[in-house]
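See below for the structure under consideration.
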Amino acid sequence: MTAEDFLNGQVLLIDKPLHWSSFQAVNKLKYLLINKVGLPKKFKIGHAGTLDPLASGLLLVCTGKFTKRITELQGQAKEYTGTFYIGATTPSYDLETEIDCTFETSHIDERLINETVKHFLGEIDQKPPIFSAIKKDGVRLVRARKSWRKH
């Protein structure tokens, strides 16, 4: 692709690595496009939805005139997959913090799993956990999580 192609607009499908923020992925891509393709330093680039640094997967990145389509792309249907541990919790609800509680799991059988899965199908109104990208007192809680982790 040429610099003109990127300025006219592209949707790039990026496999965001684990431990990179979406912002870091876009910045690395921007650096490459400036230095390898010859795009001007102030060209438009942005992503259509933030992935947690502890998530890997598809990140849609728009360039040039296609940055106007970011809102449209964010509204598309999404599918999430993952691995989970039964009978363990962490303060952050993910693996950024250590497991702090374990629970008995011997009562869990295939029938109970199949019944429980039904509660997670379809449209879900997700509430962000306390350790998230939401802001409290003007500070993103994801930053608070990082500083909390250092203690």
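The values are calculated or read from the model by the stated rules, or taken from the named source; none is laboratory data. In this text, all values refer to a predicted model and were calculated from it rather than measured experimentally. Here the Cβ is made from the backbone with ideal geometry for all residues, glycine too, and neighbour counts use every protein chain on show. When the accessible area is computed, the model is the full protein with side chains, heavy atoms only, and any ligands, DNA or RNA have been set aside. Shrake-Rupley method; radii C 1.70, N 1.55, O 1.52, S 1.80 Å.
Being surrounded by 10 or more Cβ atoms within 10 Å (Cβ to Cβ) and not aromatic (Phe, Trp, Tyr) narrows it down to one residue among Gln76, Gln24; which is it?
Values: Gln76 fails: surrounded by 10 or more Cβ atoms within 10 Å (Cβ to Cβ).
Just one listed residue meets the conditions, Gln24.
Test each condition in (1) over 21 Å from the mean Cα position of the chain (by Cα); (2) open to solvent by less than 30 Å² (accessible area, probe 1.4 Å) for Val61 and report the one that comes out false.
Here Val61 meets the rest and fails (1).
Name the single residue that is farthest from His19 (Cα to Cα) among those in the range 93-127 being in contact with a strand residue (DSSP E or B) (Cβ under 8 Å, 6 or more places away or on another chain) and assigned to a loop (DSSP other than H, G, I, E, B). Step through it out loud before you land on a result.
In the first step, residues of the range 93-127 are kept if they are in contact with a strand residue (DSSP E or B) (Cβ under 8 Å, 6 or more places away or on another chain); the result is 99-103.
When the remaining residues are screened for being assigned to a loop (DSSP other than H, G, I, E, B), the result is 99-100, 103.
Numbers: Ile99: 19, Asp100: 22, Phe103: 28 Å.
Here the answer is Phe103.
Tell me the helices (runs of 4 or more DSSP H) entirely within the range 2-92 that contain at least 1 residues that are under 27 Å from Phe120 (Cβ atoms). Outline the logic, then answer.
Working: elements: 3-8, 22-32, 70-74.
The qualifying helices (runs of 4 or more DSSP H) are 22-32, 70-74.
Does Gly46 fit the bill of being open to solvent by less than 70 Å² (accessible area, probe 1.4 Å), small (Gly, Ala, Ser) and in contact (Cβ under 8 Å) with a residue 12 or more places away in the chain? Talk me through it step by step, then tell me what you get.
On the way: open to solvent by less than 70 Å² (accessible area, probe 1.4 Å): yes; small (Gly, Ala, Ser): yes; in contact (Cβ under 8 Å) with a residue 12 or more places away in the chain: yes.
Considered against the rule, which asks whether it is open to solvent by less than 70 Å² (accessible area, probe 1.4 Å), small (Gly, Ala, Ser) and in contact (Cβ under 8 Å) with a residue 12 or more places away in the chain, Gly46 comes out as yes.
Yes/no matrix, rows are residues, columns are (1) closer than 30 Å to Leu12 by Cβ; (2) at pLDDT 90 or above; (3) open to solvent by less than 90 Å² (accessible area, probe 1.4 Å); (4) not charged (D, E, K, R):
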| residue | (1), (2), (3), (4) |
| --- | --- |
| Leu54 | yes, no, yes, yes |
| Gly57 | yes, yes, yes, yes |
| Thr81 | yes, no, no, yes |
| Tyr85 | no, no, no, yes |
| Ser106 | no, yes, no, yes |
| Arg111 | no, yes, no, no |
| Thr116 | no, yes, yes, yes |
| Val139 | no, no, yes, yes |
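Here is a check on your reading of the model: is Arg149 assigned to a helix (DSSP H, G or I) and at pLDDT 90 or above? Please lay out each step first, then the result.
Numbers: assigned to a helix (DSSP H, G or I): yes; at pLDDT 90 or above: no.
Here the answer is no, as Arg149 does not meet what is asked.
Mind checking which pairs have a first residue in the range 111-124 that is among the acidic types (Asp, Glu) and a second that is modelled with pLDDT under 90 and not in a loop (DSSP other than H, G, I, E, B), Cβ under 7 Å, 6 or more apart or different chains?
As it stands, the answer is none, since no pair meets every condition given.
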